[in-house]
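The values are calculated or read from the model by the stated rules, or taken from the named source; none is laboratory data. For clarity, every value in this text was computed on a predicted model and none was experimentally measured. In this analysis, Cβ positions are derived from the backbone assuming ideal geometry, glycine residues included, and neighbour counts consider all displayed protein chains. Note: areas computed on protein heavy atoms with side chains; ligands, DNA, RNA excluded. Shrake-Rupley method; radii C 1.70, N 1.55, O 1.52, S 1.80 Å.
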Amino acid sequence: MKLKLAALSLALLASGAVFAQATDTVAKVKASGVVTMGVRDSSGALSYTLGDGKYVGYHVEICSRVIANLEKAAGRKLEVKYQPVTSQNRIPLVQNGTVDIECGSTTNNATRAKDVAFLHTTFVEEVRIAVKANSGITSIAQLNGKSVATTTGTTSVQTLRKNQRASGIDFKEIYGKDHSDSFLLLESGRADAFVMDGSILAGNIASAKNPADFKIVGEVLSVEPIAIMVRKDDAALKKIGDDTIDQLVKAGEMAKLYDKWFMQPIAPKNTRVGLPASDSVKAAWASPNDKPMEDYAKK
């Protein structure tokens, strides 16, 4: 009996250690020597692939700065692995430990904050409409009877439905599995418009075969803080991430990173996204915080 109790005690201690490590990324990476970054294939200049397993972008670079400070906390050099995520699986993959830090284009909202933690806001998004330049569409009111694309698993799905109800118009919703797929729906003519974050629209247009064939139009449908995700209750990594972001802002490096990815020519086509930092972005930098989008809606 004593042996059984001892074995049970050891098993409980082991499971407790695993649980603790699951929410303590510093301990996890110190033990494994590996950190996994969640990345996106086509989230505009925030996070995108160059092919051959290479990922770049504004959030990817910020995450690299966070990981450099994580290495200091862990006391060892870390191997960085890239894990492509989608709008549908990004939160579960952070929760279950597959991804340690998600560096894509995720809106911080109250519902998601129940499942994951967000670092201080690095980008504030305005949801807009992309159309073909010759479509004649200039506002959401003109989408009545049209087919409108957005990406499954994004907050833009809810934004689209909310504006549809508010405007009293009727359009057909069609969904892409990721942003590049949604843009392809517009590009191929299967959709008359693509509703999504302005930076993602601008990034996909910039990398299109003929960027001049598309434009972003209409009113701002939603204002949303975009932030890097980590596991819930992972206080150590959140502090490292928040401190890194705050230091980048204070040193003027955040503005330089923004200029690099949104205002200068970027790979692979050496094209410019051409999206200046908005007043909302500058305000987020001026007063670092992790407020959800619901707080923005109150303004």
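In the set 177, 162, which member is open to solvent by 10 Å² or more (accessible area, probe 1.4 Å) and within 23 Å of residue 84 (Cβ to Cβ)?
177
Got at least one residue in region 124-141 being basic (Lys, Arg), closer than 30 Å to residue 248 by Cβ and in contact (Cβ under 8 Å) with a residue 12 or more places away in the chain?
yes
When the residues of region 24-75 are filtered to those that are open to solvent by 40 Å² or more (accessible area, probe 1.4 Å), in a loop (DSSP other than H, G, I, E, B) and touching a residue at least 12 places away in the same chain (Cβ under 8 Å), which remaining residue is farthest from residue 216 (Cα to Cα)?
The residue in question is 75.
Which members of region 229-241 meet the condition of being surrounded by fewer than 18 Cβ atoms within 10 Å (Cβ to Cβ) and either of a type in the set (A, V, I, L, M, F, W, C) or closer than 19 Å to residue 64 by Cα (or both)?
Within region 229-241, 235, 236, 239 meet the criteria.
So which of 287, 280 is open to solvent by 20 Å² or more (accessible area, probe 1.4 Å) and at pLDDT below 95?
So the residue among 287, 280 that is open to solvent by 20 Å² or more (accessible area, probe 1.4 Å) and at pLDDT below 95 is 280.
List pairs: first in region 154-170 and closer than 26 Å to residue 91 by Cα, second among the polar types (S, T, N, Q) and in a loop (DSSP other than H, G, I, E, B), Cβ under 8 Å, 6+ apart or cross-chain?
As it stands, the answer is 154/87; 155/109, since those pairs meet every condition given.
Filter region 134-150 down to residues that are of a type in the set (Ser, Thr, Tyr) and open to solvent by 10 Å² or more (accessible area, probe 1.4 Å) and give me whichever is nearest to residue 212 (Cα to Cα).
Ranking the candidates gives 135 first.
Which one of the conditions (1) of a type outside the set (D, E, K, R); (2) under 29 Å from residue 50 (Cα atoms); (3) open to solvent by 30 Å² or more (accessible area, probe 1.4 Å) does residue 297 fail to meet, given that it meets all the rest?
Looking at each condition in turn, residue 297 falls short on (2).
What number of residues in region 192-228 are crowded, with 20+ Cβ neighbours inside 10 Å, among the β-branched types (Val, Ile, Thr) and within 15 Å of residue 125 (Cα to Cα)?
Counting residues in region 192-228 that are crowded, with 20+ Cβ neighbours inside 10 Å, among the β-branched types (Val, Ile, Thr) and within 15 Å of residue 125 (Cα to Cα) gives 4.
State which residue is nearest to residue 294 (Cα to Cα) when the search covers only region 76-100 and only residues that are of a type in the set (A, V, I, L, M, F, W, C) and buried (at least 24 other Cβ atoms within 10 Å of the Cβ).
Checked region 76-100; the qualifying residue nearest to residue 294 (Cα to Cα) is 94.
When the residues of region 187-242 are narrowed to those that are among the β-branched types (Val, Ile, Thr) and touching a helix residue (DSSP H, G or I) at 6+ places or on another chain (Cβ under 7 Å), which ends up modelled with the lowest pLDDT?
This residue is 223.
Mind listing whichever residues of region 257-281 are closer than 23 Å to residue 48 by Cα, outside any loop (DSSP other than H, G, I, E, B) and touching a helix residue (DSSP H, G or I) at 6+ places or on another chain (Cβ under 9 Å)?
Answer for region 257-281, where residues must be closer than 23 Å to residue 48 by Cα, outside any loop (DSSP other than H, G, I, E, B) and touching a helix residue (DSSP H, G or I) at 6+ places or on another chain (Cβ under 9 Å): 257, 258, 260, 261, 262, 266, 271, 281.
Within region 86-110, track down each residue that is in contact with an Asp or Glu (Cβ under 9 Å, 6 or more places away or on another chain) and either of a type in the set (A, V, I, L, M) or without any contact (Cβ under 8 Å) to a residue 60 or more places away in the chain (or both).
Within region 86-110, 91, 92, 93, 94, 110 meet the criteria.
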